[in-house]
Structure formats: structure tokens, C-alpha cells
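Following: one structure in C-alpha cells, then a few remarks.
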Amino acid sequence: MTLKLLGIIALMWILQGVFSYFQIKNLQNKLKELKKKGRVGLGSSKGRFSPGCIVIIAVDKDGKIAEAYKMSGMSVFARFKEFEDIKGLYLNELAFYLNPEESGSEKKAIESAIKMLETHE
């Protein structure tokens, strides 16, 4: 019984590693794709017991957001989805988009991506 349980735990651990590998490859491919469109900012926020969030923002030479993607969730099955809400905005307009009273992982990830873009101009 315990050997069977240990086998199941080991299998689950291996599967998590495999799915994490594919999630990282998905992130690398998305970054490579967006770097062709302009400067790229990556922001992330982890939640211990709440869903984490990763935001990738590509801006053109004028500071306009050309493409934006976000991935949020608690599992290795999460994938990037287009972030239509901020696409087409300028970086300096994002401050107005963010609700100052909100403190969710999405807001923290966006702020982190903006900071990355501002420091690497």
C-alpha cells in the first residue's frame, strides 16, 4: 500500500516537472515572438495561496503597447492569453488603468513589467 502511494506521488512529481518544462518553453517562445515587435517588459507576481500572474508587454518605439499577454492561475496548465485591456495604450497611460485601491497579483505583475520597461529604455 505505501509502495503504491509512493509510486503515485513520484509519478505526480515527474508529471509536474514535465508540465513545468512546457510552461517555461511557452514563456520563452512568447518572449522571442514579442522581442520582434519592440522592447519587452516582463512582470510577475506569485501568490502563496492565491493565483499568480505573469504579464509580458511589448512596446514600440513611441511607447505604445503593441502586444500584451498574461498568464494567471495556480496550475501548470495555465497558458498565455492576449491582454486586450491594455493593448494600444501608452505606457504613461497604464497608471490610470491600474486601480490604486486594488492589490491583486495582476496589478503587481503589470507594475513590475512597467518598471522593467522604464529602466531599460
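The values are calculated or read from the model by the stated rules, or taken from the named source; none is laboratory data. All figures in this text were calculated on a predicted structure; none of them were measured in a lab. Positions of Cβ are backbone-derived with ideal geometry, glycine not excepted, and every protein chain shown enters the neighbour counts.
The table below gives the values:
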| item | result |
| --- | --- |
| I56 being within 30 Å of W13 (Cα to Cα) and touching a helix residue (DSSP H, G or I) at 6+ places or on another chain (Cβ under 7 Å) | yes |
| Index of the failed condition, A78 passing every other in (1) among the hydrophobic types (A, V, I, L, M, F, W, C); (2) over 14 Å from the mean Cα position of the chain (by Cα); (3) at pLDDT below 90; (4) surrounded by 12 or more Cβ atoms within 10 Å (Cβ to Cβ) | (2) |
| Any chance L117 is part of a helix (DSSP H, G or I), surrounded by 18 or more Cβ atoms within 10 Å (Cβ to Cβ), touching an Asp or Glu at 6+ places or on another chain (Cβ under 6 Å) and among the hydrophobic types (A, V, I, L, M, F, W, C) | no |
| Pairs, first in contact (Cβ under 8 Å) with a residue 60 or more places away in the chain in the stretch 50-71, second small (G, A, S), C-beta under 9 Å, six or more apart | I57/G41; I57/G43; I57/A66; I57/A68; I57/A113 |
| Test: residue in the stretch 34-51 that is of a type outside the set (G, A, S) and part of a helix (DSSP H, G or I) | yes |
